[in-house]
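Right, one structure below, let's go through it.
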There are 2 protein chains.
Amino acid sequence: MSECPTTDRLTPRKREIVTEARALLEEHGAAALTMRALADRLGIKAPSLYKHFPDKAALELELIVLSLQETGEALEAAADSLPSLMKAYRAYALAHPHLYRLNTERSLPREALPEGLEARAAAPLLRVCGGDVDMARAAWAFAHGMVILQLNDRFPADADLTAAWEAGADVFEG
Amino acid sequence: MSECPTTDRLTPRKREIVTEARALLEEHGAAALTMRALADRLGIKAPSLYKHFPDKAALELELIVLSLQETGEALEAAADSLPSLMKAYRAYALAHPHLYRLNTERSLPREALPEGLEARAAAPLLRVCGGDVDMARAAWAFAHGMVILQLNDRFPADADLTAAWEAGADVFEG
DNA sequence: ACCGTAAGGCTAACGTTGTTAGCCGTCAAG
DNA sequence: CTTGACGGCTAACAACGTTAGCCTTACGGT
């Protein structure tokens, strides 16, 4: 009945593993998220991880689930206006760069995702856009573009990204 | 004196290798771009590649250079208005998804890039924005966001991306 | 004509990665 | 008491990027 993904989805041990995986990822980046490194951190050996997850992708999937959940909550808490919501989106992404990258750089494994999670994460944006899905997607694209280009160091070092953000955000509110 | 990157930068053999690397990437994706697979395609063995490039990153750098050049040319040819330029950007990216991803998903190794290449690729956009760098960056972010979210399959399968693109593009022209 | 050297191949091998096979201890339920 | 699930372990494999070291070919200078 209860359907909290973080609590229901995984056994306690699995949750411990995911927690350490997240810490490893957030502290040292995607390249450091290795089955052996993760096992080390847990005081076990790498092959033991496969007693809990079929492969690394399954483990990463749980990180994606976490990220989607938290994003949804962050957006929900700031869903009074589009600029406010977009700001919250950006803040979350910049606060968790590696997690955000992991979440967005692969294609979404929708079949494996908890039912409704994707929709729930997107709902606040859609609401704030008055149900205009096209505008919602365009705004999302802008926000994601700004964030990921920054994370990937694609803007010149001297670029004023706050100003660029404002320029885009202004254009999107009505 | 002449400074054409594609011609000057590399010896003929190096250019052959880059050409095959590009073909491999575009045909079969980033995961297929392996030193051994590339060598196979060239009829040689993997270690021989290191006679021409110090490592795989150096090889990929040349693909990034190619991509930046071609993007610059595509934008130049469509730089009569912002919507037209953005459309050209999108068209190039969608026509070369794997190359585009390779180009944008890492951080730019600026020290190793030919002098002025980055600026030259960005120039048409800046011009079309009347020198408003903030607006130019915001427009770029939107275009990149739309493209990369699509390439990464982040939009629902039934999403009308042309409509979303138009919604965003409308908002950006003035 | 010779020799040196650069260019460009080769094999063998190493370390790291994800992953599999198979074994063993612990512990609760029948 | 035993059986099975749970959750560790070691040994090993294949694929990856990469290095070391050897060999052939061809060309330019003396």
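The values are calculated or read from the model by the stated rules, or taken from the named source; none is laboratory data. Only a predicted model underlies this, so the values are computations on that prediction, with no experimental measurement involved. In this analysis, Cβ positions are derived from the backbone assuming ideal geometry, glycine residues included, and neighbour counts consider all displayed protein chains. Side chains included, ligands, DNA and RNA excluded: accessible areas come from the protein's heavy atoms. Shrake-Rupley method; radii C 1.70, N 1.55, O 1.52, S 1.80 Å.
Annotations for the structure displayed:
- Only one entry of A:Tyr89, A:Tyr50 meets the criterion of being among the hydroxyl-bearing types (Ser, Thr, Tyr), within 16 Å of DNA strand D (Cβ to nearest atom) and assigned to a helix (DSSP H, G or I), and that entry is A:Tyr50.
- Looking across the range B:79-106, the residues that are farther than 20 Å from B:Phe172 by Cβ, surrounded by fewer than 20 Cβ atoms within 10 Å (Cβ to Cβ), at pLDDT 95 or above and within 14 Å of chain A (Cβ to nearest Cβ) come down to B:Pro97, B:Glu105.
- Residues in the range B:34-79 that are among the charged types (D, E, K, R) and free of Cβ contacts under 8 Å to residues at least 40 places away in the same chain: B:Arg36, B:Asp40, B:Arg41, B:Lys45, B:Lys51, B:Asp55, B:Lys56, B:Glu70, B:Glu73.
- So A:Ile64, is it at negative phi and in contact with a Pro (Cβ under 8 Å, 6 or more places away or on another chain): yes
- Test: B:Ile64 is more than 12 Å from DNA strand D (Cβ to nearest atom), within 23 Å of B:Glu118 (Cβ to Cβ) and out of contact with any Cys (no Cβ under 9 Å at 6 or more places or on another chain): yes
- Of the listed requirements (1) within 14 Å of chain B (Cβ to nearest Cβ); (2) without any contact (Cβ under 8 Å) to a residue 40 or more places away in the chain; (3) away from DNA strand D (no atom under 16 Å from the Cβ), A:Ala31 misses just one: (3).
- The range B:61-78: number of residues that are open to solvent by 30 Å² or more (accessible area, probe 1.4 Å), acidic (Asp, Glu) and more than 10 Å from the chain's Cα centre (by Cα): 2
- Taking first residues from the range B:84-105 that are small (Gly, Ala, Ser) and partners that are crowded, with 16+ Cβ neighbours inside 10 Å, the Cβ contacts under 7 Å between residues at least 6 apart in sequence or on separate chains come to B:Ser84/B:Ala78; B:Ala88/B:Ala74; B:Ala88/B:Leu75; B:Ala88/B:Ala78; B:Ala93/B:Tyr100; B:Ala93/B:Val147.
- Test result for A:Thr11, of a type in the set (S, T, N, Q) and surrounded by fewer than 20 Cβ atoms within 10 Å (Cβ to Cβ): yes
- Output for the range B:110-169, where each listed residue is part of a loop (DSSP other than H, G, I, E, B), facing chain A (nearest Cβ under 8 Å) and open to solvent by 60 Å² or more (accessible area, probe 1.4 Å): B:Asp132, B:Asp153, B:Asp160
- Residue in the range B:19-42 that is open to solvent by 80 Å² or more (accessible area, probe 1.4 Å) and in a loop (DSSP other than H, G, I, E, B) present: no
- Hits in the range A:130-151 - residues which are touching a residue at least 40 places away in the same chain (Cβ under 8 Å) and farther than 13 Å from A:Met86 by Cα: A:Ile148, A:Gln150, A:Leu151
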